[in-house]
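Data block below; observations after.
The values are calculated or read from the model by the stated rules, or taken from the named source; none is laboratory data. Just so it is clear, the model here is predicted, and its values are computed rather than measured. We place every Cβ from the backbone using ideal geometry, glycine too, and count neighbours over all the protein chains shown. Calculation scope for accessible area: heavy atoms of the full protein, side chains included, ligands and nucleic acids excluded. Shrake-Rupley method; radii C 1.70, N 1.55, O 1.52, S 1.80 Å.
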Amino acid sequence: MKVLFVYPEFPDTYWSFRHALKFEGRRSAFPPLGLLTVSAMLPKEWERRLVDMNVRRLKEADIEWADIVFASAMIVQKDSLERVVEMCKARGKRVVVGGPYVSTSAEHLPDADHIFVGEAETTLPEFLRDLERGEARRVYQATEKPALALAPAPDFRLADAKRYSAMSVQYSRGCPFSCEFCDIIEIYGRVPRTKSNQQMLSELDALRTTGWRGTVFIVDDNFIGNKKNVKRLLPDLAAWQERNGRPFEFLTEASVNLADDEGLLELMRRANFRRVFLGIETPVVESLKEAQKGQNTRGDMLDSVKKIQSYGMEVMAGFIVGFDSDPEDIFERQINFIRESAIPLAMVGLLTALPDTQLWRRLKKEGRLIAESSGENTNCELNFVTKMDAARLVEGYKAIMRTVYNSREYYQRALECLRRVPQDGPAPNKHTVLSGTLAVARIAVKLGVLDRERREFWRFFTHAVAEHREKFAVSMRLAAMGYHFRKLVEAYGE
Ligand code: B12
Ligand code: SF4
């Protein structure tokens, strides 16, 4: 059997990091871990190929080669997924689809032969048995959230690592919180399940054996969702790093209550966590309460961010505008918070009702849903009737983006972040960040010569070199990221 894995194209968004990846000579930020995991569950003797359409074009010859096609998608990839399914069906191929989009949008499924709803650890073996008997069904719906002991180590070798700026692993699925807008808890549940320490370390061994060095994204919904287990894992992770010459720098996602646990922060520091993405959402307490995000109202969020930064981790964060409780001055409050928190990469989005979430159900009951969500919360489209006037909300949103990604403002935040985040231990691995001579040369030419904001770049560069020489590589990455965000904001028009 020849199996072709296809990962459809993303739109060009904040999360594509497209404008920054060019400096590194990479095509995409992360490999499609869902497909790498599915591949590891298929019979060893099957031949495999992966086409990540964010890395290269899907060619007719790829489809012709295959006996069966497996595709995975998030909601933002649905149009591309539909085209892929069409192309493969037109060539008479058996097509199997799964992943978060398919799992939450059961009413609008692509015209595939087999559809996997939910996680595949228990349903895929069943499908393989049915397929062999010629009795494979159309829909395989996971009836339970599988224990992660069943999750195999992903087939890392399937991905062409040179094309990605980071590799991914997963330690847990699910999150104990109950944020109203979140679909994670609908797809992966509210009881965080973790892999064993042994599983994690052997995945890291496998990744290291592929030759990968540098950033590893632990893609958990909330890395500290199961604190007890994570505290057991981290000492082993730190020891593994030491034994292997600290080959990886970790990046992960966590809830803000991480700041309350200095023991945990210290363990993360020792294991070489360098970046953490937090769901801050808003500094407005009423909006946090409305979103059922009580974990963000337990203390001063600016202090929480500072505490995490002081443990050597750059904080990245998500922010949302469009809550019913947002006051008239929400835009200024968001801008001030982002400025004071020294979070260079602030992913600000408009509230979106994703399918099958508590928010979706409430708005439906209130008759306020207008359209399906595109999954893209930065394209200025609203899919429900907002309390604030929609035009004002979108204009305010754009004003936040223009302000926080204005060059001077951004570079100031980046410098403040460099000041706050100590560089513990050895300087970042030369593979991890934009420290290669070629990348720095590309940045210097693009941002320091060709770009109209070049004076701001050189001002940043001078400070970064004078005050944070040991963090040169990090500062170059931040400059590249700032450029990416600014390019996207320019698309909104001045
Ligand atoms: C890493 C990640 C990213 C990476 C993408 C990396 C990549 N190349 O995949 C980045 C940072 C780029 C990203 C971006 C975004 N993401 Co994202 N992301 C994730 C995250 C944290 C982990 C994905 C992952 O690797 N999971 C691990 C694998 C093992 O899990 P899995 O994919 O679910 O696979 C299992 C099953 O689903 C199934 N399966 C999966 N595919 C297939 C295929 C077949 C054929 C079969 C049989 C089974 C199967 O088998 C696997 C094992 O059980 C998830 C959350 C999550 N828990 O998954 C969100 C998530 C997928 N992202 C999401 C969203 C919304 C986004 C953004 C739109 C965010 C935004 N607001 O802008 C952007 C869009 C990107 C863009 N450029 O426009 C949503 C998707 C919602 C939806 N219903 O589709 C999720 C669920 C999180 C969330 N609620 O915010 N994301
Ligand atoms: S903390 Fe994050 S993952 Fe957990 S429920 Fe809230 S939004 Fe979802």
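Give the Rg (one decimal place) followed by the Dmax (whole number) of region 194-260, computed from C-alpha coordinates and expressed in Å.
12.1, 37
Please report, largest first and rounded to whole Å, the three semi-axes of the ellipsoid equivalent to the chain, where each semi-axis is the square root of five times an eigenvalue of the C-alpha gyration tensor.
Taking √(5λ) for each Cα gyration eigenvalue gives 34, 27, 24 Å.
Taking region 183-312, how much of its Cα-Cα pair set, in percent, is spaced more than 18 angstrom apart?
So the pairs more than 18 Å apart make up 56 percent of the total in region 183-312.
Tell me the Kirkwood hydrodynamic radius of region 273-422 in angstroms, computed as one over the mean inverse distance between distinct C-alpha pairs.
16.0
To the nearest 0.05, how large is the calculated FRET efficiency for VAL465 and ASP329 if R₀ is 30 Å and r is the Cβ-Cβ distance?
Computed FRET efficiency for VAL465 and ASP329: 0.20.
Which cysteines does the chain leave without a neighbouring Cys Cβ under 4.7 Å?
CYS88, CYS175, CYS380, CYS417
Run lengths n ≥ 4 of DSSP H only: what is the helix-derived mean residue ellipticity at 222 nm for the chain, with -39500 (n - 2.57) per run over all residues, to the nearest 500?
Here the helix-only value at 222 nm equals -12000 deg cm²/dmol.
Heavy atoms only, probe 1.4 Å: what % of the accessible area of region 353-485 goes to carbon and sulfur, would you let me know?
On region 353-485, the fraction of accessible area on carbon and sulfur atoms equals 55 percent.
With Cβ to Cβ distances under 12 Å as the rule, what net charge do the other residues near ASN54 carry (K, R +1; D, E -1)?
Residues near ASN54 contribute +2 overall.
With a 10 Å radius around each residue's Cβ, average the other Cβ atoms per peptide and rank 243-252, 137-146, highest first.
Per-residue mean Cβ counts within 10 Å order the peptides as 243-252, 137-146.
May I have the pair-distance distribution P(r) for region 134-221, computed from all Cα-Cα distances with 5 Å bins from 0 and rounded to whole percent?
Reading upward from the zero bin: 3, 12, 19, 17, 16, 15, 12, 5, 1.
Kindly state, to the nearest 0.05, the FRET efficiency for LYS44 paired with ARG392, given R0 = 51 Å and r defined as their beta-carbon distance.
The value I calculate is 0.30.
In a Debye calculation with equal point scatterers on the alpha-carbon sites of region 332-406 and no solvent, what is log10 I(q)/I(0) at q = 0.13 Å⁻¹?
-0.44
Provide the FRET efficiency to the nearest 0.05 for the SER202-ASP356 pair, computing r from the beta carbons and using R0 = 25 Å.
Efficiency, rounded to the nearest 0.05: 0.15.
Taking all pairs of different Cα atoms in region 43-173, averaging 1/r and flipping that mean, what Kirkwood radius in angstroms comes out?
About 16.0 Å, per the Kirkwood formula over Cα pairs.
Computing the accessible area with a 1.4 Å probe over protein heavy atoms, can you report the carbon and sulfur percentage for region 235-336?
46
Specify the inter-centroid distance of region 169-195 and region 228-285, based on alpha-carbon positions, in whole Å.
Each part's Cα centre sits 17 Å from the other's.
Charges only on Cβ, +1 for Lys and Arg, -1 for Asp and Glu: so what's the dipole of the chain about the Cα centre, in debye to the nearest 20?
1520
About its Cα centre, what dipole magnitude does region 146-223 give when the only charges are +1 on Lys and Arg Cβ and -1 on Asp and Glu Cβ, stated in debye to the nearest 20?
For this selection, approximately 340 debye.
Can you pull the percent of Cα pairs in region 443-488 with separation above 14 Å?
46
Averaged per residue, what accessible surface does the chain expose to a 1.4 Å probe, in Å²?
Per-residue accessible area for the chain comes out at 41 Å².
Regarding region 85-237, what are the three Cα extents along the principal axes, ordered largest first, in Å?
Its Cα atoms span 50, 39, 30 Å along the three principal axes.
Put a dot 7 Å past each Cα toward the Cβ at VAL449 and ARG133; how far apart are the dots in nm?
My value for the distance between the label points is 6.7 nm.
Which entries in the list LYS59/LYS89; LYS446/LYS471; LYS227/LYS306 go over 19 Å, if you measure between the two C-alpha atoms of each?
Exceeds cut-off: LYS446/LYS471; LYS227/LYS306.
Going 7 Å from the Cα of ALA399 in the Cα-to-Cβ direction, what parts of region 301-328 have a backbone nitrogen less than 12 Å from that spot?
328
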